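Visitor: Provided herewith is a single structure, encoded as structure tokens, for subsequent inquiry.
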Amino acid sequence: MLFKPALIKSIQLFCLILVLFSSDIHAQDFDNYVSLKSSGEVPKKFLTSSTEKYKSEVDKLSTKEKNRIRRTKKEFFLESNFIIDDMLLSGKVMFNDPVGIYVNKIVDELLKDDKQLRSQVEVYIIKSNEVNAFTTNNGIIFVTLGLVAQVENEAELAFVLSHELIHFINQHNLNEYVENKDIQSGRGTYRGTNLDDKLLARSNYSKKQESEADLLGLERFLKSEYDPSTLEGVFDVMQYSHLPFDELPYKKSFIETANLKFPNSYFLKKTKEIEAEGNDDSLATHPAVKLRREAVMDKLKGIAFKGKKKYIVGEKEFATAQKLCRFEMCNIFLHYREYEAAYYNCYLLMQEEPNSLFLKKCLGKSLYGLSKYANADRYDEAHDDYADIQGSSQQVYYMFDKIKPAELNALAVEYLYTIKKQYPEDKEIAAITTDIFNELPKYYEDKSFFLNTQRPANLDSIMAKDTLDNNKDNHKPIDSGNDEDDSKSTKTIKKKSKYDKINLEVKKKEEEKLLTDKSYFIKYAFVDLLKDPAFISDYDNAIESWNKKKREDAYEETKEYKRAEAKRLSKVKQNGVSLGLNKVVIVNPFYYKVDESNKNSPVKLVASENAQKDLNNRVKENVSLAGLDYQLIDKKDLTANSADLFNDLSVLNYYVIENGKHDNMHFVNYMSDEIQALPKKYGTNYFDWVGIVSYREHSNGINLYGACFTIFFPPIFPLAVYNALRPHFNTYVYSELINIKNGETVNYYSSKIKFKDRLDIVNGTLYDIYLQYKKHKKS
């Protein structure tokens, strides 16, 4: 692993699933960019079950090894295979995508003389903005989009891949896991070591492996035709990986219009200086970047670079792959609610692609996301502290720190409505614009607040005065630019007339009024839009919608509503929801078997995978018995020809995670174009996520009350002991039905059943869920 530790510690009960896409490297039109997606034949590693992979690796273990080592390796194979498969099937990893095809060609070049090793290695692109690459023990090299976006040339990328190949060849992941077990348990040379010594030992062992991967990777790299003179740049990438892919001063005019100009006080005079990272390795898993740089550069002394190349696959191919990564980063920033990072990423890309609809929409979605969270009083969830940001991008974070929620809402409406007029057929823009417009009356219920006259020419000087007045030195006189003392001037001063004085006084009062109103600049946001009858009509509709929402919110506080809601919920609890659906799509049913008594590995991985396969059959059987038409789509049912299904599952996984992050906030999902295509494809708006967790708890022993009780009733003592000492089982059943057309959760079901997950319990619960979806309400 080049940038991150290779430790595999544990399996989490529910894995986060991320979603992403792709397209042909030579056919991409960046003005109409289409997100990346997987294509072609699904690789075998995506199709083989984790249990099969685990058993296959265990079978290869040497019988000559110590039992302790064999047990540790078995643990590693079990955990690592399930973790890797969760990653492969999460939708975050792509196959046969244009960036992955390009990177694989570099590996082909590095291993052109080692066909056997090449057959053992698979390289996949992972949709992450982190600058990283990491390797698994079974020959998978994951390369992030963020890494390809940051490297300067193909040779730098080839060195990273050479480094990762050594991790695989020397089985660093497996060896580190075994070593860390010895450290943790205090075996062998680690006997008697304290916690600090153990942490230091783990750090030193990991750093030793990273140094080995650097130097042996360099030896492999030098056998290729790639140019070693580029390698210092790799360490620059490591040290500045916390920065955007380019360093470009942000111009405030970028988002401004002829009438909407920001105050200078919303911008820094100087951004924070950039500092290199990665030079402190006291307890790190990797050596300090400075030391790694020196070690590699020392090995290169005296080596001739003549005839070596920065590009072998091709400079054009590298540039296109890198551009694809940089575009795709916008989606990832939006998914993680890093709206300011997405905004600056768009700013950088729009220097070359100002007409890109994808970038315009991304910029609009950034403003939309920030405004939605500001309106909901949850701004801290979407806004990062500008003090933590280095370099030119800090200007963007500072601007969004200073702008007020009302101003931000108006800015989002102005930008989105303008591009909506440019692209009237784009449903995604229309949906986002309408949603944020409907919240504008929270601040500006009277649209006459906004002016329909051109911004006055002297407003710049007024705004500048506001900036100066807020400066620490605002009591100092402003230099007139005339070195000559005014008292000694021989110029004739023209006497002001009465009307000059009156006009000057009026002008001063107007300026004072503007400066008193701290939102003076935003009054000019809609100068041009207010000339459009459609905009005025939409504003009126937004006011009506907002007033309706206020009435509904007020009604929900009344006793009348609360009584009616309690009655409704009681009826639902008694009779079910009775939705009257014709068809439902069931997505990725999950099943986890958890044993609390096993502290090291509470999730029974093999048993969970087997139970999940059986759950699919249970779901199919019971949804059919309920008389409901259905389609079950599951990542475990993929075949070699299922690339299209894989992409659909990726979109849905991303979608459901996105919904969860916004937590009851009405939010137009940023992937709505992809989502809106699915109801037509599957013949229904209704998608159901269902799952079961079987939980085995510790026995709590006999409590004091129970012990005293049995003294008075001795015959029940054996029963009391049995009940106290036997394990307790709970079965949790979960189902969430979402109308993906409008993003609403139609039904949420969560039940705790105080029994083991018997077949009759599972079947009965599933049948009841799907019968309610099918049943029509009684008139």
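Visitor: When the accessible area of region 560-675 is split by element with a 1.4 Å probe, what percent falls to carbon and sulfur?
Guide: Answer for region 560-675 is 47 percent, counting heavy atoms of protein chains only.
Visitor: Still on this structure, I have one more. Amide H to amide H under 5 Å from I274: which residues, 5+ apart in sequence or cross-chain, H placed 1.01 Å off N in plane?
Guide: The answer is G391.
Visitor: Now a separate question. Straight-line reach from K571: which aspartates and glutamates have a Cα under 18 Å away, not including same-chain ones fewer than 8 places off?
Guide: E560, D768
Visitor: How big is region 515-574 by Rg and Dmax over its Cα atoms, in Å?
Guide: In order Rg, Dmax, the Cα atoms of region 515-574 give 20.2, 61 Å.
Visitor: Per the 1.4 Å probe, what fraction of the accessible area of region 229-357, in percent, lies on carbon and sulfur atoms?
Guide: That share works out to 49 percent.
Visitor: Cα to Cα, under 17 Å, and not fewer than 8 places away if on the same chain: which aspartates and glutamates meet these conditions relative to K427?
Guide: D435, D538, D673, E674
Visitor: Moving on to the next point. Considering amide H positions built from the backbone, and no H for Pro or chain starts, which residues 5 or more places from N588, or on another chain, come under 5 Å of its amide H?
Guide: I633, D634, K635
Visitor: Using only protein heavy atoms and a 1.4 Å probe, report how much of R758 is accessible, in Å² to the nearest 10.
Guide: Roll a 1.4 Å probe over it and R758 shows about 110 Å².
Visitor: Just list whichever of K198/K223; K105/K361; K323/K583; K567/K774; K272/K365; K269/K360 have alpha carbons separated by over 31 Å in the model shown.
Guide: Pairs exceeding 31 Å: K198/K223; K105/K361; K323/K583.
Visitor: So if R0 is 41 Å, what FRET efficiency would V506 and A534 give, r being the distance between their Cβ atoms, rounded to the nearest 0.05?
Guide: Calculated value: 0.65.
Visitor: Please give the Cα centre distance for region 579-639 versus region 82-138, rounded to the nearest Å.
Guide: Spelled out, the Cα-based centre of one part sits 29 Å from the other.
Visitor: Under 12 Å from the Cβ of Q422, count the other residues' Cβ atoms, weight Lys and Arg +1, Asp and Glu -1, and hand me the total.
Guide: Net charge around Q422: +2.
Visitor: What is the packing order of peptides 611-619, 142-150, 656-664, taking the mean over residues of other C-beta atoms within 10 Å and listing the highest first?
Guide: The peptides rank, most packed first, as 142-150, 611-619, 656-664.
Visitor: Please go through the residue pairs K252/K661; K261/K402; K681/K741; K66/K181 and name each one whose alpha carbons sit more than 20 Å apart in this structure.
Guide: K252/K661, as the Cα separations exceed 20 Å there.
Visitor: I would also like to ask the following. Heavy-atom accessible area per residue, region 99-193, 1.4 Å probe: how many Å²?
Guide: The answer is 31 Å² per residue.
Visitor: Going by average Cβ density within 10 Å per residue, which order do the peptides 634-641, 300-307 take, highest to lowest?
Guide: 634-641, 300-307
The values are calculated or read from the model by the stated rules, or taken from the named source; none is laboratory data. Every value quoted in this text rests on a predicted model; they were computed, and no experiment measured them. Virtual Cβ from ideal backbone geometry, glycine too; neighbours counted across all protein chains shown. Surface areas here come from the heavy atoms of the whole protein model, side chains and all, with no ligands, DNA or RNA. Shrake-Rupley method; radii C 1.70, N 1.55, O 1.52, S 1.80 Å.
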